[in-house]
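Since the structure comes first, as structure tokens, the remarks are kept for the end.
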Ligand SMILES: [Ca+2]
């Protein structure tokens, strides 16, 4: 290693260097602080807040699809004038695992299902007679979907669909890709891009239906809560399912999926209208349940639970 040149004192050298560094920092202090503020602002804007306005392109598309301007404006008043970044990330990055469903086949959960079935056996029996769907299957669906309404989700349903439908806007999409990349997602993969496309298209269709239901079925969208995936009520319906299969079983003049009678009849009607009938083979029952939720672990859990309930009643 080369020794210090005789003419240079190392202590003095470092003191001089520190002094120069301090002088540079002092000189550019304002610039450095400004850069830090800009970086923090950018992080806050991109990832840590929900402060992305609903794009005008979404409002235009809704208008073009026949939703009156007045209704669009009424829907997107604060706090529904912004996109929820967290909801989008959850929807575009979620991966279902078998373990998601295993917990429903424990003895504790089965006891809960049995107790609920016995308590409301008259309602479930009447519904079974009309739609031919065994009461055990309906009870299993209501339990797995929302634990009989105890766990229907607390996300604003309007925000879920507005946020997903906004993915068709190229600026929103760019921001979401940037945030997802920071979260470790492979945003360049074709699979990810296709998922964004699918969610945008699906979100728009459901949002359109939801806005229409607000008028036709007198639903208070500002109060409607559900899962991060946009499902609501005891049977966890999406808006188009509510529209197509919702049943007013208690006869109060409206479909209310938080009411057991309406919820159970609507779930049974869903299966019935998709082909359920008496004495179905196991394979056929699995196929029809997948119309309700396109997941093999889900369908096997529902049938597994209902078989156990039948055996132990
Ligand atoms: Ca009703």
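The values are calculated or read from the model by the stated rules, or taken from the named source; none is laboratory data. These numbers were taken from a predicted model, which means no experiment stands behind them. Reconstructed Cβ throughout: ideal geometry from the backbone, glycine too, with neighbour counts over all protein chains shown.
Would you please name the residue that is farthest from the ligand (Cβ to nearest atom), looking only at residues in the stretch 222-245 that are in a loop (DSSP other than H, G, I, E, B) and crowded, with 23+ Cβ neighbours inside 10 Å?
Step one: filter the stretch 222-245 for residues in a loop (DSSP other than H, G, I, E, B), giving 222-224, 227-231, 233-236, 238.
Cutting the leftovers down to crowded, with 23+ Cβ neighbours inside 10 Å gives us 230-231, 233-236.
Details: 230: 22, 231: 19, 233: 11, 234: 12, 235: 13, 236: 17 Å.
In this case the residue turns out to be 230.
Assess whether residue 211 counts as being assigned by TED's automatic domain parsing to the domain that holds residue 87 and within 15 Å of the ligand (Cβ to nearest atom). Reasoning before the result, please.
Numbers: assigned by TED's automatic domain parsing to the domain that holds residue 87: yes; within 15 Å of the ligand (Cβ to nearest atom): no.
No; evaluated as a whole, the condition is false for this residue.
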| said: Looking only at residues that are near the ligand (Cβ under 9 Å from one of its atoms), surrounded by fewer than 22 Cβ atoms within 10 Å (Cβ to Cβ) and within 26 Å of the chain's Cα centre (by Cα) in the stretch 250-260, which one is modelled with the lowest pLDDT? | reply: 254
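Would the stretch 84-99 turn up any residue that is assigned to a helix (DSSP H, G or I) and more than 30 Å from residue 51 (Cβ to Cβ)?
Pass one, the stretch 84-99, residues assigned to a helix (DSSP H, G or I): 85-93, 99.
Pick out the ones that are also more than 30 Å from residue 51 (Cβ to Cβ) and you get 99.
Checked the stretch 84-99: at least one residue is assigned to a helix (DSSP H, G or I) and more than 30 Å from residue 51 (Cβ to Cβ).
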| Restricting the first residue to the stretch 261-287 and requiring it to be more than 15 Å from the ligand (Cβ to nearest atom), which pairs with a second residue that is assigned to a loop (DSSP other than H, G, I, E, B) meet a Cβ separation below 7 Å and a spacing of at least six or different chains? | 271/133; 272/132; 272/133; 276/132; 276/133; 277/132; 278/132
